[in-house]
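Here's the structure we're looking at; comments come further down.
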Amino acid sequence: MRVELVKEFRFESAHRLPMVPADHKCFRMHGHSYCIEVCLAGEIDPTLGWLVDFGEISAKVEPVIKQELDHRVLNDVPGLENPTSEMLAVWLWKRLGGLVPHLAAITVNETCTSRCTYRGQ
């Protein structure tokens, strides 16, 4: 049986979007309470009854979030000089792809009504 698992992670960061016009509100420094959804997809292990232990996902993702993104200015993170939700989703995919087995999608919720999903394509 094929399933998808989604684990959420939250962090606080500041950023500005340097590529938008100077009069755009996102050109100015501001912060977000980000919610990241890490989605894994695959076949259920018939013995264990799951795809991956949620604790294993947390053990791989939380250090990246806490050490590299939480309470940072995202523009200062290498590879996030233009830290749009789209670029953050791609950055997370590249950063987590080798760490998290069965990675299927990364969703970046920048606000409670605005999000971006990247599926590694």
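Just so you know, all these numbers are worked out from the coordinates, no wet-lab data involved. If you're wondering where the values come from, they're calculated on a predicted model, not measured in any experiment. Glycine gets a Cβ as well: all are built from the backbone with ideal geometry, and neighbour counts include every protein chain shown.
Other residues with beta-carbon under 14 Å from the beta-carbon of L80 carry, at +1 per Lys or Arg and -1 per Asp or Glu, a net charge of -2. Among E37, E43, the order by Cβ neighbours within 10 angstrom, fewest to most, reads E43, E37. Residues Y118, Y34, ranked from the fewest to the most other C-beta atoms within 10 Å, line up as Y118, Y34. Entry note, region 2-118: relative contact order of 31 percent, from Cα contacts under 8 Å with a spacing of 6+ residues.
Over the chain, DSSP H runs of length four or greater, each weighted -39,500 (n - 2.57), average out per residue to a 222 nm ellipticity of -6000 deg cm²/dmol. For A14, what charge total do you get from the other residues with a beta carbon under 13 Å from its beta carbon, if Lys and Arg give +1 and Asp and Glu give -1? Residues near A14 contribute -1 overall. Excluding same-chain neighbours fewer than eight residues apart, the lysines reachable from K60 by a Cα-Cα span under 19 Å are K7, K94.
Each of S33, S13 has some number of other Cβ atoms within 10 Å of its Cβ, and from fewest to most they run S33, S13.
When the GluC sites (Glu not before Pro) in region 67-121 are filtered for DSSP coil states and for at most 15 other beta-carbon atoms within 10 Å of their beta-carbon, the remaining sites are E81. A Förster radius of 22 Å combined with the Cβ-Cβ distance from H71 to A22 puts the calculated FRET efficiency at roughly 0.25. Within region 1-104, the trypsin sites (Lys or Arg not before Pro) that combine a DSSP coil assignment with at most 12 other C-beta atoms in a 10 angstrom radius are R28.
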